[in-house]
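For reference, the structure discussed in these notes is given below.
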Amino acid sequence: MAQRSRRSASPGAHAVAQRPSVDLAHVRDQVRELIEPVLGASGHDLEDLKVRQVGRRHQLQITVDGDGGVTLDTIADLSRAVADRLDQAEEAGEVVFPGEYQLEVSSPGVDRPLTLPRHWRRATGRLVAVKVHAPGGAAGETPGGGTSAKKSKQSGDRQVTGRVLAADETSVTLEIAEKKSTVTETFALADLGPGRVQIEFSRLDEISDEDLEEIADDGDDDGEAADGEDDEEDVEEQ
């Protein structure tokens, strides 16, 4: 996450700060209109925008994402581009933040719900849990034929956990693990609730023999190094 702080360049900032509270919803709409073209020019999307007032300071919290992911360098570049655009807007009188404001730019966390087509597309290859809504399904029915899904209390709904194979503007295809096999199902996006990416850890049987040998060799090297460094204390910050 990149942070940038500055004092408003607008004249009379102290006098403005004593006025009644600012319409934050209006400021948010202004900021969104200003920065979406800036983000879009580099192939990124504005996923979330929050404007908060803490005393005389405003906080702008911006969440961005892109098809190729977002690196720390990208976050820094986007932070500068957004800050420059906001400075231009202030100087032109398009938007004013009384007093100081702080800009925070970050990428979505793994707990971000998958609700839009681009969210699902960017989750391709990830394991996802999602509720499948089936308003027309009769009680006791399991739409789609999958046997690994759990039925919810609401008739026809079920909870599915599967790996995203493909996603477009209208549908999502999941690979769902059965007890002895896997099944592939395609769901209409309109029938899916918010998806949640699941945290996965590599299993030992998924590690190749070559990698296991390398891990063992590294362990031997560490042991030899430790024998020659008995007088040194290694303190690791938790």
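A few points about this structure:
- The residue of the range 69-87 that is nearest to E33 (Cα to Cα), among those that are out of contact with any Lys or Arg (no Cβ under 9 Å at 6 or more places or on another chain), loosely packed, with under 12 Cβ neighbours inside 10 Å and not β-branched (V, I, T), is D84.
- The one condition from (1) outside the structural domain of R28 (by TED's automatic domain parsing); (2) free of Cβ contacts under 8 Å to residues at least 40 places away in the same chain that R52 does not meet is (1).
- Any chance S5 is at pLDDT below 85 and in contact with a Leu (Cβ under 9 Å, 6 or more places away or on another chain): yes
- Answer residue from the range 12-24, given it is out of contact with any strand residue (DSSP E or B) (no Cβ under 8 Å at 6 or more places or on another chain) and part of a helix (DSSP H, G or I) and is modelled with the highest pLDDT among those: A17
- For the range 49-60, the set of residues classified as touching a strand residue (DSSP E or B) at 6+ places or on another chain (Cβ under 6 Å) and surrounded by fewer than 16 Cβ atoms within 10 Å (Cβ to Cβ) consists of K50, R52, listed by residue number.
The values are calculated or read from the model by the stated rules, or taken from the named source; none is laboratory data. For clarity, every value in this text was computed on a predicted model and none was experimentally measured. Positions of Cβ are backbone-derived with ideal geometry, glycine not excepted, and every protein chain shown enters the neighbour counts.
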